[in-house]
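First comes the structure, then the notes that go with it.
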Amino acid sequence: MQPGSRAVHAGHRKTARAPLSPPIVQTAVYVYDNLEDYDAVARGDVAGHYYSRISNENVAMLAEAVAELEGAEAGVATSSGMAAILVGISALAPRPCPIVAPLDLYGGTWVLFRQELEPAGYTTRIVDFTDLEAVRGALVGAGLVVCETITNPLVRVADLEAICRLAAESGVPVLVDNTFATPILCRPLELGATLSVHSATKYIGGHSDLTAGVTVGPRDAIRAAAARASRLGTTLGPFEAWLAVRGLRTLPLRIARMSANALALAEALQEAPTVSGVHYPTLPGSAQEELARRLLPDGAGGMLAVQLEGGLPTVQRLLDRFRMVSFAASLAGVETTVSHPEVTSHRNLTPEERAALGIHPGTVRISAGIEEASDIIEDFLQALGT
């Protein structure tokens, strides 16, 4: 099946007389009457569940569905996207080592590196991923590469094919945060990545009503990630997993509409008052257009960013004048929202570090929803004063 069809059916094996919609299995523990049977399930020799911190029908369904969409052997679902990144890193790099990461890494991942991994002995090699020779040099002696398909918030696209090729030459595994692209637009494992992770809170869930993460990849690596998830207690509840699977069924429709809306809005904002820059990967004439169209032939996703002249006062004026669009720290729901990275996702970085990433007081991240493009554009233009 094509990805659009696979998303509707992935993870749910329907049989005669079974419910068409998967039930919610709201339990913490499972009953056994045979010690040998329990032991076989606990060892992993027989399929089944015995304790929901380890596994559950709904949680397993979400992991299986995303793995199927990504073309992976297996997956593990976690309590958040950050938990998915953490268990993925710990599976590929269980002992302290140098981690190669791009300059414009997501703020939450930066904080994970600085406040958790570096105190534990890991080091971080920050590199401009558009400079492949710099990436090649940083890989010497490294233990892991962590990057994003599309970066947050300035939606830059990494040349994953080239990065994964260089990493393979050095024997270094690659973990890719594929949240912004989703498995519908990009499948990093097909490009050479070792693990692909998602904040399922975003596009996979799609309705701003759950928090979850998923890590997918080779069976052995996922087994290690799942063991760490169990020990760390990054357990996803069955109801959240059920919601995420339900959201996944409409992901192809939503991401196609959001991609089209984001591009239309990016084009409309180029000449808008106070807008000094628009960031969208496939914006005609942009520096990344050719690379983005090669890696993301079916669309570049629903995220974009703009730079507004006048800094915080201009941003606040924009928020005050919106009629339909809302301010929210997260993204990828069905409604169009905006966020301000300086006070949300990248608040833990210094002003100098944010400036080095291209994040300024006037930077606004936009998550295009599924409304009519004309209504989204009209709300932005009137709020900007046209």
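The values are calculated or read from the model by the stated rules, or taken from the named source; none is laboratory data. Source: prediction; values computed, not measured. Every residue, glycine as well, gets a Cβ built from its backbone with ideal geometry; the counts of neighbours run over all protein chains shown.
Okay, residues lined up against (1) in a loop (DSSP other than H, G, I, E, B); (2) over 17 Å from the mean Cα position of the chain (by Cα); (3) in contact (Cβ under 8 Å) with a residue 24 or more places away in the chain; (4) surrounded by 19 or more Cβ atoms within 10 Å (Cβ to Cβ):
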site	(1), (2), (3), (4)
68	no, no, yes, yes
100	no, yes, yes, yes
111	no, no, yes, no
119	yes, yes, no, no
136	no, yes, yes, no
146	no, no, yes, yes
154	yes, no, yes, yes
164	no, yes, yes, yes
167	no, yes, yes, yes
Completion exercise
Scanning the stretch 74-83 residue by residue, those more than 10 Å from the chain's Cα centre (by Cα) and crowded, with 24+ Cβ neighbours inside 10 Å turn out to be 75, 76, 77, 78, 83
Practice task
Collect the residues in the stretch 284-315 that are within 19 Å of the chain's Cα centre (by Cα), among the small types (Gly, Ala, Ser) and not in a strand (DSSP E or B), keeping them in residue-number order.
Solution key: 292, 299, 300, 301, 302
Problem - Those residues of the stretch 186-221 which are within 15 Å of residue 66 (Cα to Cα), surrounded by fewer than 24 Cβ atoms within 10 Å (Cβ to Cβ) and hydrophobic (A, V, I, L, M, F, W, C), in sequence order - result: 189
Handout entry: Selected residue (criterion: surrounded by the fewest Cβ atoms within 10 Å (Cβ to Cβ)) from residues of the stretch 328-348 that are at pLDDT below 90 and of a type in the set (Ser, Thr, Tyr)
Key = 344
Handout entry: Matching residues, the stretch 321-336, being among the hydroxyl-bearing types (Ser, Thr, Tyr) and farther than 18 Å from residue 374 by Cβ
Key = 326, 330
Fill in the blank from the handout: Over the stretch 121-134, the set of residues part of a helix (DSSP H, G or I) and either buried (at least 16 other Cβ atoms within 10 Å of the Cβ) or small (Gly, Ala, Ser) (or both) is 134
Practice task
Could you grab me the full set of residues in the stretch 33-55 that are assigned to a loop (DSSP other than H, G, I, E, B) and either β-branched (Val, Ile, Thr) or modelled with pLDDT of 95 or more (or both)?
Solution key: 46, 54
